[in-house]
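Q: Sharing a structure here in structure tokens format.
The values are calculated or read from the model by the stated rules, or taken from the named source; none is laboratory data. For clarity, every value in this text was computed on a predicted model and none was experimentally measured. Virtual Cβ from ideal backbone geometry, glycine too; neighbours counted across all protein chains shown. These area figures cover heavy atoms from the full protein model, side chains too; ligands, DNA and RNA do not enter into them. Shrake-Rupley method; radii C 1.70, N 1.55, O 1.52, S 1.80 Å.
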Amino acid sequence: MRLGVGIHFWLAAFLVGLTRGELLQNGGFESTAHWDCWSITCATSNDHHEGQHSIRVTGRSEYYQGPSQNIQVTSGKSYSASAWVKLLNDHGGQWIQMEVDFQFTDDSHDYQTVAEHGNAKSSDGWVHLVGGFTAPSRALKAVRVYFQSGPSASVNYEVDAASVTEDSGSGSTGSSDTNAAIDQLRKDNINIHVTTAAGINKDDVTIRVVQTKKSFPFGSAINSWEYNANAANGKYRDFIHKHFNWAVPENALKWPIIEQHRGQKNYKLGLDMIHGVRSHGLKMRCHNLVWSVDNTIQDWVKALSGQELRNVVKQHITETMTTYQGLCEHWDVNNENLHGQWYQTRLNDPGY
């Protein structure tokens, strides 16, 4: 009998450990060959992260200007991208991005940030940009990879060891590659030996396997409004209590839900849900105290700056954790902190 959980994680494709050929030419920047530097100055530099040289970018007048190269991709397939970048001077709150410009046959464009680093400064030295993208499922006319840094165009930088490779589990063969990895890494055999009583034909015996307990954390995000509304005999609550041993408040503990308008706070929504879930033995991963992505921050918070902003954030964190003390096994403190940098930028403090 072959049992397993066929969850479709890209992690499984990653574990196969295969990538396909390099799409960039001269990604090591041992010269400036194959890289376009329109309206800017590009030159090789002896300062390098790998090899012997990098490319130095100066003379920019717009944040989006940087070395670029056209590549060939296939619609619907996924790719990994990376590069090392180093700022040469500072302007405060500078970000660095590796971009892809998809130009379609109707001459429209789709710009995607595939890897980035926020609040960079020259003292950081070489920083590693790592990410990926999936080519849109539309007819493509051209695809261009380029680097940009802003908000100031006066900041010069160097780039080295740039790479774009096709993921092995992408496109039409992706499902079969991923499923093969799942079969190999996430499944195993269970051998069941059955002895039948006299007079019973073994071919008449049916074996049914039921999982009664999970030996690992298994949970779900919980809609607190839906959960609280079904407090009597709701199917939503029953399903959660039956199938999970962990839960995450989907939105109820986020600052904009607790305090959309300054001073008007609502902790009851999250408290009611958490008490209900815990009364059925589930543990809680509480989510989240702050979220640094621009479009998730309340307008009244965006109006703050300096020490007042620091004080308000500290007060919110302290009050929220005190309110839910003893109810949360884990806390997500800063949500999506790899790309959300609003507080650091606002305070001009990369280490905040």
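Q: Rg and Dmax of region 229-333 over Cα atoms: what are they, in angstrom?
A: Here Rg and the maximum Cα pair distance are 15.2, 49 Å.
Q: Who wins for biggest fluctuation among A197, A181, A221 in a Gaussian network model of the chain, springs between alpha carbons below 10 Å?
A: Looking only at A197, A181, A221, the largest GNM fluctuation is found for A197.
Q: For region 23-140, report the translational diffusion coefficient in µm²/s to the nearest whole number, using Stokes-Einstein at 37 °C, 0.692 mPa s, and a Kirkwood Rh over Cα pairs. Walk me through the intermediate numbers first.
A: Values: Rh = 15.5 Å.
It comes out at roughly 212 µm²/s.
Q: All other residues with a Cβ under 10 Å from the Cβ of M273 taken together, and with Lys, Arg as +1 and Asp, Glu as -1, what is their net charge?
A: Working: positive: R237, K268, R278; negative: E226, E250, D272.
Taking every Cβ under 10 Å from that of M273, the sum is 0.
Q: Just to confirm a number: summing +1 for Lys and Arg and -1 for Asp and Glu over residues other than V127 whose beta-carbon lies under 12 angstrom from that of V127, what do you get? Before the final figure, lay out the partial values.
A: On the way: positive: K86, K121; negative: E116, D124, E158, D160.
That sum, taken over residues with Cβ under 12 Å, equals -2.
Q: Let me ask something additional. Could you tell me the ratio Rg/Rh of region 136-256? Both radii from Cα atoms, Rh via Kirkwood. It would help to have the intermediate numbers written out before the result.
A: Details: Rg = 26.5 Å, Rh = 22.4 Å.
Result for region 136-256 is an Rg/Rh of 1.18.
Q: Charges on Cβ only, +1 for Lys and Arg, -1 for Asp and Glu, centred on the Cα centroid of the chain; of T195, S305, Y63, which one is farthest towards the dipole's positive end?
A: T195
Q: Carbon-plus-sulfur fraction of the accessible area of region 270-352, 1.4 Å probe, in percent? Could the numbers behind the result be given before it?
A: Working: 2040 of 4290 Å².
Carbon with sulfur: 47 percent of the solvent-accessible area.
Q: What number, in percent, do you get for the relative contact order of region 221-260 if the mean sequence gap of Cα pairs under 8 Å and at least 6 apart is divided by its residue count? Intermediate values should be presented prior to the final figure.
A: Details: 25 pairs, mean separation 20.0, N = 40.
Reported as a whole number, the value is 50 percent.
Q: Cut-off 16 Å, label point 7 angstrom out along Cα-to-Cβ of N245: give me the residues of region 262-288 whose amide nitrogen falls inside.
A: Only 278-285 fall inside the zone, counting backbone N under 16 Å.
Q: Note the angle between two axes, namely the Cα long axis of helix 174-185 and the longest principal axis of the Cα atoms of the chain, as a number of degrees from 0 to 90, rounded to the nearest 10.
A: The angle comes out at about 60 degrees.
Q: Sticking with this one: For region 180-272, state which trypsin sites (Lys or Arg not before Pro) are in a DSSP loop and have at most 10 other beta carbons lying within 10 Å of their beta carbon. Could you put the intermediate results ahead of the total?
A: Values: sites: R186, K187, K202, R208, K213, K214, K235, R237, K242, K254, R262, K265, K268; in loops: R186, R208, K213, K214, K254, R262, K265.
Counting only loop positions with at most 10 other Cβ atoms within 10 Å, the trypsin sites (Lys or Arg not before Pro) in region 180-272 are R208, K213.
Q: Sticking with the crude label model, points 7 Å out along Cα→Cβ, report the distance from Y236 to R278 in nm, one decimal please.
A: Between Y236 and R278, the label points sit 2.1 nm apart.
Q: Assigning unit charges at the beta carbon (Lys, Arg +1; Asp, Glu -1) and nothing else, what dipole magnitude in debye, to the nearest 20, does the chain show about its Cα centre? Walk me through the numbers on the way to the answer.
A: On the way: 30 positive and 36 negative charges, 312 e Å.
Charge dipole of the chain: 1500 debye, to the nearest 20.
Q: Here are labelled values, (1) 76, 52, 41; (2) 86, 60, 40; (3) 102, 47, 39, and one is the computed Cα extents along the principal axes in Å for what I pasted. Which one?
A: Looking at Cα extents along the principal axes in Å for this model, the match is (2).
Q: With each pseudo-label sitting 7 Å past Cα toward Cβ, what's the Q307-S215 distance in nm, one decimal?
A: About 5.7 nm separates the two model spin labels.
Q: Still on this structure: Please state the relative contact order of region 162-290 as a whole percent: Cα pairs under 8 Å, 6+ residues apart? Could the numbers behind the result be given before it?
A: Numbers: 107 pairs, mean separation 26.4, N = 129.
Here the relative contact order equals 20 percent.
Q: May I ask for the angle, rounded to the nearest 10°, between helix 306-323 and the longest principal axis of the chain, with both axes built from Cα atoms and the value confined to 0 to 90°?
A: It is inclined by approximately 10 degrees.
Q: Rg(Cα) of region 119-201 divided by 2.2 N^0.38 Å?
A: Values: Rg = 25.8 Å, N = 83, 2.2 N^0.38 = 11.8 Å.
It is 2.19.
Q: Taking R0 as 56 Å, what's the FRET efficiency between Y111 and D204 from their Cβ-Cβ distance, rounded to 0.05? Could you put the intermediate results ahead of the total?
A: On the way: r = 65 Å, r/R0 = 1.16.
Computed FRET efficiency for Y111 and D204 comes out at 0.30.
Q: Could I ask something else about it? Under unit Cβ charges (Lys, Arg +1; Asp, Glu -1), what dipole magnitude, rounded to 20 debye, does region 222-352 have relative to its Cα centre? Intermediate values should be presented prior to the final figure.
A: On the way: 14 positive and 13 negative charges, 56 e Å.
The dipole magnitude comes to about 260 debye.
Q: Using the heavy atoms of the protein chains and a 1.4 angstrom probe, tell me the accessible area per residue for the chain in square angstrom.
A: On the way: 19450 Å² over 352 residues.
In whole numbers, the chain has 55 Å² accessible per residue.
Q: Taking a 32 Å limit on the Cα-Cα distance, which of the listed pairs K77/K254; K86/K265; K235/K268; K213/K265; K121/K254 fall beyond it? Present the calculation step by step, with values, prior to reporting the outcome.
A: Working: K77/K254 35 Å; K86/K265 43 Å; K235/K268 22 Å; K213/K265 38 Å; K121/K254 30 Å.
Over 32 Å Cα-Cα: K77/K254; K86/K265; K213/K265.
Q: Moving on. Around H243, under 13 Å between beta carbons, what's the net of Lys plus Arg minus Asp minus Glu among the other residues? Provide the component values of the computation, followed by the final result.
A: On the way: positive: K213, K214, K235, R237, K242; negative: D238.
Neighbour charge sum, excluding H243 itself: +4.
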